């Protein structure tokens, strides 16, 4: 397993994590609404550090779904999960070894749907001063620690015909990695929230 980290500083003054927390805070609704028509999943958006970074993963190329794609830690809701937040926390522990508590969740984004596998994903947000040692499991090819603001500034429209959808499509870039699809739509929500609060 490989951990990839970019040590570049952000342009300008480092954003205060508290300001980002305020911009992304929202009411938590983790209830499961299982209509049997869509598959449910949840992910955890972890933002951390004095020069805020965001934690993402490169999926193993041997996975059945979304192999090799860049995503947030998370996975499919299971019937023994108390709710969707439980799913996000459990999957994060399993995938990257980071144990986040429920009381550390500050908000959530609007659900997004994957185009190919048909999952409806609930994204939850936590803001941390630092994160512990990451221990990825077999599902993870590499862990990406990405400076948040420089990443959000790379946003562009997704012009790849293979990614076409009736939904708005975006791409973000980090080093040689391309982030698209559901993960990019989550990042777009973060971009809008920070921009509307004068943080971007």
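Just so it is clear, none of the values below were taken in a lab; they were calculated from the coordinates. For clarity, every value in this text was computed on a predicted model and none was experimentally measured. Glycine gets a Cβ as well: all are built from the backbone with ideal geometry, and neighbour counts include every protein chain shown.
Below are the figures for this structure:
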item	result
Of all DSSP beta bridges in the range 2-147, antiparallel share, percent nearest 5	60 percent
Mean Cβ neighbour count within 10 Å, used as a protection proxy, ranking 21-27, 33-39 highest first	21-27, 33-39
Packing-based exposure ordering (other Cβ within 10 Å, fewest first) of 155, 56, 169	155, 169, 56
Packing-based exposure ordering (other Cβ within 10 Å, fewest first) of 187, 133	133, 187
